[in-house]
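Read the structure below first, then the notes.
Just so you know, all these numbers are worked out from the coordinates, no wet-lab data involved. The model shown is predicted, which means the values in this text are computed figures rather than measured ones. No Cβ is skipped: glycine too gets one built from the backbone with ideal geometry, and neighbour counts run over all protein chains shown.
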Amino acid sequence: MNPNPKSGPGAARPKSPRRRSRELALQGLYEWRVNRSDAGVVCAHMREQEGFDQCDRAMLDKLLQGCIAHAGALDALLVPHLDRPIAELSPIEHGVLMIGLYELQHCVDVPYRVAINEAVELAKSFGGTDGHKYVNGVLDKAAVGLRPTEVAAQRQARATPRSA
């Protein structure tokens, strides 16, 4: 018998401070888009949310304020990779894509695959049934233009056979 029921295969791991920051940033972007709230009000509201003390505050500020400040530029980067108008994206998908694009463009310390995978996890947690697949495809295409050297190196490494 396992004395710690939360450990072992399939057990949920505690969320990292960065994951929690992304979740709060997504919630803030949702509030900003849907309620047309002022960015300062949204940022203050996120500080009142449950789990705020468990997030990476600097990252939350960077993501939320950065996505809001660069919303137009992020949407312009997004459009060429979409199969529909931005207005037809759900607010969750739109927010997740903004966070992923922002990380790809402005957080070069985060490997591009990590930025994409974290966006996919956000979409799985908060989005529609297959929204994570859409997010993955869009961000994968966008990464080629935003991080060409890193993407090329990753693809080359996968294509090179390993010797025994």
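Under Stokes-Einstein, with the Kirkwood radius over Cα pairs as Rh, the value for the chain at 25 °C and 0.890 mPa s is 146 µm²/s. For the chain, averaging the sequence separation of C-alpha pairs within contact (under 8 Å, six or more residues apart) and dividing by the residue count gives a relative contact order of 19 percent. Per residue, the chain reaches -21000 deg cm²/dmol at 222 nm when only DSSP H runs of four or more residues are counted, each adding -39500 (n - 2.57). 3J(HN,Hα) along segment 119-136, derived from phi through the Karplus expression 6.51 cos²θ - 1.76 cosθ + 1.60 where θ = phi - 60°, amounts to 5, 4, 5, 4, 5, 5, 6, 10, x, x, 3, 10, x, 5, 5, 5, 4, 4 Hz, with x in place of Gly and Pro.
In segment 13-75 the Cα-Cα distances spread across 10 Å bins starting at 0 as 24, 56, 18, 2 percent of all pairs.
A Förster radius of 41 Å, combined with the Cβ-Cβ distance separating Arg84 from Thr160, puts the computed FRET efficiency at roughly 0.65.
Distance from the C-alpha centroid of segment 84-108 to that of segment 13-55: 15 Å, rounded to the whole angstrom.
The charge dipole of segment 70-126, taken about its Cα centre with unit charges on the Cβ of Lys, Arg, Asp and Glu (plus for the first two, minus for the last two), comes to roughly 60 debye.
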